[in-house]
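The values are calculated or read from the model by the stated rules, or taken from the named source; none is laboratory data. In this text the structure is predicted, and so the values were computed from the model without any measurement. Note: areas computed on protein heavy atoms with side chains; ligands, DNA, RNA excluded. Shrake-Rupley method; radii C 1.70, N 1.55, O 1.52, S 1.80 Å.
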Amino acid sequence: WEGEAPEWQEGHRAAVNVVTFWGETMISVGDDNTVRTWPGGAVIGEHTAKVVELATSETHVASASWDARIGLWHKDGQGVYLSGHQQGVNSVVFSGDGKTLYSASVDGTIRIWDVETGQEKQVLAKHGFGINKLILNEAEGWLAYGASDGGTRLIDPLTAEQVADFTLDRRPILSIAYEEGGNLAVGDGQGYIMVIDTNEMTITRDFRATARGPIWALAFSPDGQNIFAGGIEDIVYSWPLAT
């Protein structure tokens, strides 16, 4: 959108799962297995199963696919596929310098990759259930993940030592968002949002956010005062951060 008039970009042959900006370029991925740039919809990469998440650095784009691979695309147009996960990849996130990539999978592992070589550096953590979402905060020294069994944990991104555990009796964790003031929001399959103060490592809010169904997407407003949530009802909800 520019103002109130939408400009439709058409090209995907199935549901679009993620849209993000990479500098001045818009990038999207979807159930048609493709990674596309806009305007124009040029295919820069193609998986053999749906693509569910994107991450960007200054020089690269990473795509997470249910074909158990990660696509790593350089700004010069070159791309490689990273293999190591045994099941679908759900989430990817770059380190601040763009040299390291973290990935999470249905196979229950979090893996670390060397972006320059495309090689797996280590399996950082193993979880008994699939891991759906990652958020990295290097300044505070944690990597947050949400799992299909309802696990919400913060671990050290280098050693995997547990920093905090905010697991509640709800599952699965489907969405995570962070705002720079130190608030981490977590959405689950039962329609609840939990807000964590990562400065104090305490839960500050925990509330039912949708009339029915899961929280598929979360975002904070630019001023950090509101949380936006999207579910299955074709409705975007807005909630004040403070009670």
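Here are some notes:
- With contacts taken as Cα pairs under 8 Å at a separation of at least 6 residues, segment 97-153 carries a relative contact order of 25 percent.
- 1.4 Å probe accessible area per residue over segment 1-155, in Å²: 48 Å²
- Global form of segment 69-114, assessed from the alpha-carbon gyration tensor, a/c cut-off 1.5: oblate
- Carbon and sulfur %, accessible surface of the chain computed with the full protein complex present, 1.4 Å: 48 percent
- Rounded, prolate or oblate (a/c below 1.5 giving rounded, otherwise prolate when a/b exceeds b/c) for segment 144-188 by Cα gyration tensor: oblate
- Prolate/oblate/rounded call for the chain, Cα gyration tensor, a/c under 1.5 rounded: oblate
- Alpha-carbon centroids, segment 7-67 and segment 159-235: separation in whole Å: 25 Å
- Coarse-grained scattering of segment 95-231 at q = 0.09, 0.12 Å⁻¹, given as base-10 log I(q)/I(0) from a Debye sum over alpha-carbon atoms: -0.25, -0.45
- In this structure, the amide hydrogen of Thr25, modeled 1.01 Å from its nitrogen in the peptide plane, lies closer than 5 angstrom to no residue at least 5 positions away or on a different chain.
- Remark: segment 1-62 is approximated by an ellipsoid whose semi-axes, taken from the C-alpha gyration tensor as √(5λ), come to 19, 15, 10 Å, largest first.
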